[in-house]
1. Can you name the residue in segment 138-160 that is open to solvent by less than 10 Å² (accessible area, probe 1.4 Å) and on the phi < 0 side of the Ramachandran plot and is also modelled with the lowest pLDDT among such residues?
2. Going through segment 37-47 one residue at a time, which ones are assigned to a strand (DSSP E or B) and open to solvent by 20 Å² or more (accessible area, probe 1.4 Å)?
3. Got at least one residue in segment 166-183 being in contact with a Cys (Cβ under 8 Å, 6 or more places away or on another chain) and either part of a loop (DSSP other than H, G, I, E, B) or not hydroxyl-bearing (S, T, Y) (or both)?
4. Hey, can you tell me all the residues within segment 163-182 that are over 16 Å from the mean Cα position of the chain (by Cα) and of a type in the set (S, T, Y)?
5. Given the criteria open to solvent by 80 Å² or more (accessible area, probe 1.4 Å) and in contact (Cβ under 8 Å) with a residue 40 or more places away in the chain, does F186 qualify?
6. Check segment 30-51 and report whether any residue there is at pLDDT 95 or above and among the charged types (D, E, K, R).
Amino acid sequence: MKASKFWIALLAIGLTVTTVYGQQFHLSGTLQNMHLWRGLQVADGGVLAADVNVGFFNDGLKVGLWGGTDLTGDYKEFDYYLSYSVSGFTVAVWDICNYSPSLPFSKNIFNYNKYSTTHFLDLSVAYDFGAVSKIPLRLSWATIFAGRDLNVAGNNRYSTFVYGEYSLFRNEQWQVDLGLGGTFAFNRASADGSANFYGNDCVNQISLKTTYNLHIGRFALPIFAHAMWNPDLKDGYLQVGVNLFAF
């Protein structure tokens, strides 16, 4: 897989755009009791995560890094991403690298061999109806197109996660969101249903998330609680956390 050359090319483009159009830098950090992602519990201990990105064209285009680790070192993740947003639409490419010690993949962050890499590349498209109307609905589609998402024949499964989220309540302090997500694969691994990166082809996420915007002096500290159910795994999780800072 030529993903490393792909990201080097993107970096070169980003540096060129920086010199021509200028940029805005952003940094944020989150502390939470676990890490949940697309119906899955990725880490079950306290997790500290950070995001740093550079925005161009009034933040329409962003190039960034996202990383997270739990307090015991059992979970480690380091991602690269590129996103572009306009009129409610967002298109993003993520290179996701979970190199936690327990995973049976190479811990070499520069290894992009599809049979041993810990990377996978994810392409997503999202639309926020609230950007152009009063409808507080957000829809997204994400497909893994390369990396560690192989079927028994060694071909990519193109596992896909589709998600919708609706804000039930909003004011200056509170926001309550209800979400529903499901998964399938374009290139199924087998006929028994266990055919994609996330598990079976089914609804795998039901979410109820509440956020409170806590203000301490001139500082804002959004606190959130996220209840998530996975009907496929028959599991449920309650995540709580705080957005420590955002610049």
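1. Ranking the qualifying residues of segment 138-160, first place goes to D149.
2. Scanning segment 37-47 gives W37, L40, Q41, V42.
3. Yes, segment 166-183 has at least one match.
4. Y166, S167
5. For F186, the condition - open to solvent by 80 Å² or more (accessible area, probe 1.4 Å) and in contact (Cβ under 8 Å) with a residue 40 or more places away in the chain - is met.
6. There is at least one residue in segment 30-51 that is at pLDDT 95 or above and among the charged types (D, E, K, R).
Results for (1) more than 16 Å from the chain's Cα centre (by Cα); (2) surrounded by 18 or more Cβ atoms within 10 Å (Cβ to Cβ); (3) assigned to a loop (DSSP other than H, G, I, E, B), shown as yes or no for each residue.
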residue	(1), (2), (3)
A49	no, yes, no
V52	no, no, no
G55	yes, yes, no
Y80	no, yes, no
S102	yes, no, yes
S106	yes, no, yes
I109	yes, no, yes
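The values are calculated or read from the model by the stated rules, or taken from the named source; none is laboratory data. Note that the structure is a prediction, hence the values are computed from the model and not measured. Neighbour counts run over all protein chains shown; Cβ positions are idealised from the backbone, glycine included. Each accessible area value is taken on the protein alone, full model and side chains, heavy atoms only, with ligands, DNA and RNA left out. Shrake-Rupley method; radii C 1.70, N 1.55, O 1.52, S 1.80 Å.
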